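Below is one structure, written out as structure tokens, with a few remarks after it.
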Amino acid sequence: MIDVASKVGPKPRGRPGGAESRSRILECAGQLFAARGFDGVTTRELARVAAVNISAITYYFEGKEGLYHAVLRQLVKETAPMFDPMVGRLEAGVIEAGSDPQKLASLLGWFVDTLLSGILMDPKIRWQMPLVMREFQQPSAGFELLFSERINPMHNAVAKLVGAAKGLGSTSTEAILITATIIGQCMAFGFARAVIFARTGWQDYTDENRDQVIETVTASILNMLGLPLVLKEKDVRP
């Protein structure tokens, strides 16, 4: 069983009703919902783990459903510094590259490197992924928020790269399916990490095996798109 309470750190004694309490409720609720889903968590447990009065959930979020939606909105906000610039660079890069296969390959390599580095190494994304996967499999009323604010912009940007590489319209069914394949390959190494570790003997993702994953996935996607294998830029990571 996942002990969410032990993962969120010590519980400060903030005033019930304070901004600190609201933030703590969101953090604890996000990890609980990710671990057990909406129906697997009670408001009583949420209040206990967040060290607040149960009435604080109603006061701030108008109940558990409102809290769940707020958690998804917080997820979108927290991932914006990574995903929004990524989308912008993809869209600008496709325009700049035109039909040049070398430039498109370099752009694809940067994208896979950036996305996989976040998925594999960012501890917050690590626990957020199961929450996103639950929405993929069993969409709630909050799915539209995730789709419009996070999923659709990323898919549209990658589809433009796919379209440029394959000579397809970016909104064609083939481009959409290839895009889902590309993003799915990257996500698989996050949500299926237990399988990867069991098969490889790895204990966790490190800088070394992260690079091995990135090189393998990049080569696979470049081959699928018919793009040349290019040397990885030395400065793609901050």
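Points to keep in mind about this one:
- Mean separation of Cα contacts under 8 Å (6+ apart) over length of the chain, as relative contact order %: 22 percent
- Gained length - Lys124 relative to Arg48, 0.36 nm times residue gap less alpha-carbon distance: 25.2 nm
- For the chain: lysine pairs under 19 Å (alpha-carbon distance), excluding those fewer than 8 apart on one chain: 7
- Theoretical FRET efficiency, 1/(1+(r/R0)^6), r = Cβ-Cβ of Phe191 and Leu229, R0 30 Å, to 0.05: 0.65
- Simple point charges give the picture: +1 on the Cβ of Lys and Arg, -1 on the Cβ of Asp and Glu, and for segment 19-64 a dipole about the Cα centre of about 80 debye.
- Gain upon complete extension [Leu168, Glu62; 0.36 nm per residue less C-alpha separation]: 33.5 nm
- Among [x] 59, 39, 30; [y] 47, 40, 36; [z] 53, 44, 35, the entry derived from the coordinates for Cα extents along the principal axes in Å: [x]
- Carbon/sulfur fraction of accessible area - the chain, other protein chains in place, 1.4 Å, %: 55 percent
- Solvent-accessible surface of protein heavy atoms, probed at 1.4 angstrom with all chains present, puts Glu144, Glu78, Glu208, Glu135 in the order Glu208, Glu144, Glu78, Glu135, largest first.
- The charge dipole of segment 86-170, taken about the Cα centre with unit charges on the Cβ atoms of Lys, Arg (+1) and Asp, Glu (-1), comes to about 140 debye, rounded to the nearest 20.
- Residues of segment 170-197 with amide N under 19 Å of the 7 Å Cα→Cβ point at Met82: 180-197
- Heavy-atom accessible area for Ile176, with the other protein chains in place and a 1.4 Å probe, reaches approximately 90 Å².
- Within the chain: Cβ-based charge dipole about Cα centre, in debye rounded to nearest 20 (Lys, Arg +1; Asp, Glu -1): 740 debye
The values are calculated or read from the model by the stated rules, or taken from the named source; none is laboratory data. Quick caveat, the model's predicted, so the values are computed rather than measured. Because the Cβ atoms are built from the backbone with ideal geometry, glycine has one as well, and the counts that use them run over all protein chains shown. With ligands, DNA and RNA removed, areas are computed over all heavy atoms of the protein, side chains included. Shrake-Rupley method; radii C 1.70, N 1.55, O 1.52, S 1.80 Å.
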